[in-house]
Structure formats: C-alpha cells, structure tokens
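Heads up: the structure comes next, in structure tokens.
The values are calculated or read from the model by the stated rules, or taken from the named source; none is laboratory data. Not measured: the values here are computed from a predicted model. All Cβ positions, even for glycine, are placed from backbone atoms using ideal geometry, and neighbour counts span all protein chains on display. Protein only, heavy atoms only, side chains kept; ligands, DNA and RNA dropped before computing areas. Shrake-Rupley method; radii C 1.70, N 1.55, O 1.52, S 1.80 Å.
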Amino acid sequence: MDWKDLYAQRKMTAEEAVARVRSGDRVVTPNAAGAPIHLINALVARKDDLKNVEIAHMVPLAKAPYAAPEMEGHFIHNSIFVGGSTRATIEAGIGDYTPCFFHKVPELFDTTLPVDVALIHVSTPDEHGWCSYGVTVDYQKHAAEVAKLVIAQVNENMPRTLGDCFIHVSEMDCIVECNDPILELGAPKITEIEKKIGGHCAELIRDGDTLQLGIGAIPDAVLLFLKEKKDLGIHTEMFSDGVVELVEAGVINNSKKTLHRGKSVATFLMGTRRLYDYVHNNPAVEMYPVNYVNDPVIIAKNDNLVSINSCVQIDLLGQVVSESIGPVQISGVGGQIDFIRGASMSRGGRSILAMNSTAAGGKVSKIVPFIDQWSAVTTSRNDVQYVVTEYGIAELRGHTTRDRARSLIKIAHPDFRDSLKEEFEKRFHTTY
Ligand code: COA
C-alpha cells in the first residue's frame, strides 16, 4: 500500500490513539526536548480509566503531570534520569529511579524493561514516507523498534535531522498530527566563576580535538574560551546553541575527526529554535542512536576526544558523585561514564570533570573528605583524569592517592582548605 494511504488510515486524534493504552502497560516517552506533550496530556486525561501504567523516560524537560501525587495508582514513573519536574515524585517514593549508562538504555528495552507502548515525536514525512526523530534519537528509536504499539506525534515544527534517525510511516500504529513548538532550553547564566572554570578547561583543549560537552553553564562557559582554537570537532551526547556559534565562527569544522569527518555527531539536542533551524536538513550534523554515539568503543575511534562533564561532590580519594545530593537523586548517570571511558581509550583523549568549588551559596565545599551518606558514586576514582574548579586543574590519573588528595585540596575553595588538610593528615599519617 502507498505510504500516503497508510498515513491517512492511521491518522487519528490524540484521544483515539491513547485509548489503546491499557492498565499495567509500560509506556516509554522520549527524552528532553523530544517530549510529545500533546500525547502525554491526552494520556493523563484518561487517568481514571487506567491503573498502574508505568511511564519510563530520561530527562524531563517538560512538566510531568503523570508524576503528580494525585496520579498515584494510575501512573508510576520510572525515571532513568531525574529532573526538576520528577525529583519530588522520586523522593516521595511514588516513582522510582533506574540507574543505567546512557548507551545501555536501549538494551533495557530488550531485557528488564520491555516496551508495551512507545510514544514518539517525529517530523512530518518526506516524499518517501520517512519521518525524522529530529532533536531526540537516543533511546527513542529502539523503543519504537521493539514496542508492541507505536503512537507517533507528527509535528511540522520538528526539524528533519539526518543520520540514522528515521522511522517509516508503515512502522507507526497511530499517527497524531500537531504543530506544538518544540521545547526549548535557553542559554544558562554564566557567572565569573564559570568563566574561570571555562578558561581552565580551555587550557586542556588543543587545536584539532573532538569535543563532548555536557549540559549547563560550565560547558557553555568553556565554549566562550574556544574562539581562538582551530579545527575542533563534535562527537557528543547532546549539544546546544553554543556549538552553532562556534561552527559559524569557523572554529568547529570537524575537519580533523577520525570518525565521521566533516560531521558533528550527537544523539539529542537541547537549545532554542536557532539550534533547531540550524540542524534542519543539515548534512553537517548527523544524529545516531545512543547505543552508537555513547558506546565507549565508538567514542574511542575519535582520536583526541576531550569530554567535559560536571559533578556534585568529590572526595579526597577522587570518588565522584554526579547525580545525587546525599540520598536525594537529582539527575542521573547519563553519558558521563560513557564519555570518560571513551576519552580514556581515545588516542590522545582527555576527560575533564569541571565544577564550582562550592555549592549552596558558598556554604559547602564540593571537595570533601568523605562523600555524604547515601550519595551514589557515579564515576570511580580509577576513571577520573582531570578535575577543574575556578581555582585550577588537578590531574588525578597516574598519581598516588596522597598526591591526588593534595592536588584536589589545591583547587578547593580557600575557606575549606584548612579543614581538608586536617583530614588529609589524619588519613595519610603525614603532613600536608
Ligand atoms: N551540596 C549541596 N548542594 C549541591 C551540591 C553539593 N555538593 N552540588 C550541587 N548542589 C546543588 C546546587 O546548589 C544546585 O542547587 P539549586 O538548583 O538550588 O541552585 C543543584 O544542586 C544543581 O547543581 P548545579 O551545580 O547548579 O547543577 P548543574 O546544572 O551544573 O549540573 C550535575 C551538575 C552534576 C547535576 C549534572 O552535570 C549532572 O547531572 N551530571 C551527571 C550526568 C552527566 O554528566 N551527563 C553527561 C552530560 S549531559
């Protein structure tokens, strides 16, 4: 049958589509800016007909109405990366958190988290009937491949990104058209502290490097200091508007990449409409599923891969907490370890963990003698290479435990250095 006939046959309202969800189903929804809000709202409106529908996803950029306390019994949220709109739910025990390396998330759908329903969010079809996953490819593509039921939100505002990021109309069971704007994330506020951190990170970046940048003020601050560099490349989990500026300035041209030369590679995107317009039909950007982009073996095929991520706390042994504050799960594993390990296997690769030296308005040090009770170690001390704060760079890899602790104290906030030195002397039976 012609795909246009299939499309017409399977086109329906959001209400008709979500009427096919059953109590007890596991529904996987897309990550970050890919959230199909029109479908989610229609599903939540059916709450009184449904019991124990599990909603699983990663970064919740949108509101999460299924995670509200009054949804208990109707929906259970299974978070693979906690965010602002789901934190309270997880903390209250109404939902739960599944730790997982980002590149392994698609594999969960073949093993412990089989998918009943995939809600997907795609571009309008091209002349051959293929829709692009646009800003969010990551685990969404595999969820649709294995789901019993695929409900697609087809959105004329979704950019048509290129790469291995398409689904054919014939693979969709229900098609719901909408023209909602794609969720946007504005530029973070960059303070003088983040600028200092960005400057230190930039000291570790050389012309011709390929970069992975996490999300937030620190990665954006790093980009500010790269304007004088040459021939940089991008192989990253996600990127934002800052990368577009450096492409336009001719700093990022991907010309020295040893994998996908000439292309910026990512698995999801989060930024403003400027970014989404830039990636639309742009052969200089390729989007692939996360089990490819974030696979450490694939990452390592990029020579001189530099990863930059952030963390919450690091102890004097070099153990890194990135996703919880004590017992409170604030985010997730994401691609931090994927890229730290990929960078360590990359010829000439380097990994950086960059953070403000303090939190809570300067009241607490992020460099501590002992990590907080119930905190989860995201990155082990064996994986860490460089740690950067506004006070400088500590190189941990290849150094003794004592030297690592000394280097970390040097980049701690001066207000906390004396107490850290005292703990150092107790632990290592030696003067600082
Ligand atoms: N003690 C107490 N509070 C702390 C803290 C600490 N040690 N460290 C951070 N916080 C608080 C901050 O004050 C802030 O609170 P606020 O929201 O009330 O201002 C909050 O926790 C978030 O910290 P902040 O440093 O502003 O977060 P960020 O947006 O820069 O993100 C991570 C930092 C570590 C949470 C984030 O990078 C992450 O989730 N990393 C793990 C996943 C990953 O690396 N993925 C790969 C790249 S996408």
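Using the Cβ-Cβ distance between K51 and D110 with R0 set to 30 Å, the FRET efficiency from 1/(1 + (r/R0)^6) comes to roughly 0.70. Each 10 Å bin from zero up to the one holding the largest Cα-Cα distance in region 192-428 carries the following percent of pairs: 8, 33, 35, 18, 5, 0. Short to long, the 5 Å bins of the Cα pair-distance histogram for region 57-99 hold 5, 30, 39, 22, 4, 0 percent of all pairs.
Cβ-Cβ distance of W3 and E203, R₀ of 51 Å, FRET efficiency by 1/(1 + (r/R0)^6): the value works out to about 0.45. For the chain, the longest principal axis of the alpha carbon atoms and the long axis of helix 401-410 meet at an angle near 90°. For the chain, the longest principal axis of the C-alpha atoms and the axis of helix 414-428 are separated by about 80°. Peptide packing for 86-94, 34-42, 204-212, 133-141 was compared via the average number of neighbouring C-beta atoms within 10 Å per residue; ordered from the highest value, the list is 133-141, 34-42, 204-212, 86-94. Within the accessible area of region 61-133, the carbon and sulfur atoms contribute 57%, probe 1.4 Å, all protein chains present. Protein heavy-atom accessible surface, 1.4 Å probe, per residue over the chain: 40 Å². I need the fraction of alpha carbon pairs in region 97-161 separated by more than 20 Å, rounded to a whole percent. Tail fraction, whole percent: 32.
Close amide H pairs (under 5 Å, H built 1.01 Å from N) link K11 with I175, residues at least 5 positions away or on another chain. Over the residues of the chain, the helix contribution to mean residue ellipticity at 222 nm works out to -7000 deg cm²/dmol, using -39500 (n - 2.57) for each DSSP H run of at least 4. The calculated FRET efficiency for the pair D277 and S255, based on their C-beta separation and a Förster distance of 22 Å, comes to about 0.40.
Could you check how much of the accessible area of region 316-424 is carbon and sulfur, as a whole percent, using a 1.4 Å probe? Looking at region 316-424 in its full context, I get 50 percent from C and S. Shown for region 140-223: the carbon plus sulfur share of the solvent-accessible area, taken with all protein chains present and a 1.4 angstrom probe, equals 49%. Taking label positions 7 Å along the Cα-Cβ direction at both D164 and K148, the computed distance is 2.8 nm, reported to one decimal. Mean projected area of the Cα convex hull of region 34-133, taken over all directions, amounts to 7.3 nm².
In order along region 19-35, the Karplus-derived 3J(HN,Hα) couplings, from 6.51 cos²θ - 1.76 cosθ + 1.60 at θ = phi - 60°, round to 5, 8, 7, 10, 4, x, 5, 9, 10, 9, 10, x, 6, 6, 5, x, 3 Hz, and Gly and Pro are given as x. Rounded to whole Å, the principal axis extents of the Cα atoms in region 1-86 read 43, 28, 17, largest first.
Give, to the nearest whole percent, the P(r) tail of region 3-177 beyond 22 angstrom, counting all Cα pairs. Counting every Cα pair in region 3-177, those more than 22 Å apart make up 39 percent. For the chain, the Cβ-based charge dipole about the Cα centre amounts to some 1260 debye (Lys, Arg positive; Asp, Glu negative; other atoms uncharged). Ranking S380, G134, Q212 by Cα position along the charge dipole of the chain, where only Lys, Arg, Asp and Glu carry charges on their C-beta atoms, puts S380 farthest toward the positive end. Would you please state which residues of region 343-376 a label at E192 would reach in this model, taking the label point 7 Å out along Cα→Cβ and a backbone N cut-off of under 19 Å? Those under the cut-off are 355-363.
Cα convex hull, region 299-413: 89 Å³ per residue, rounded to a whole number.
Each Lys and Arg Cβ is given +1 and each Asp and Glu Cβ -1; about its Cα centre, region 3-177 then shows a dipole of about 140 debye.
Between E248 and K363, full extension at 0.36 nm per residue minus the direct alpha carbon distance yields a gain of 37.4 nm. The Rg/Rh ratio of the chain, with both radii computed over alpha carbons and Rh defined as the Kirkwood radius, is 0.99.
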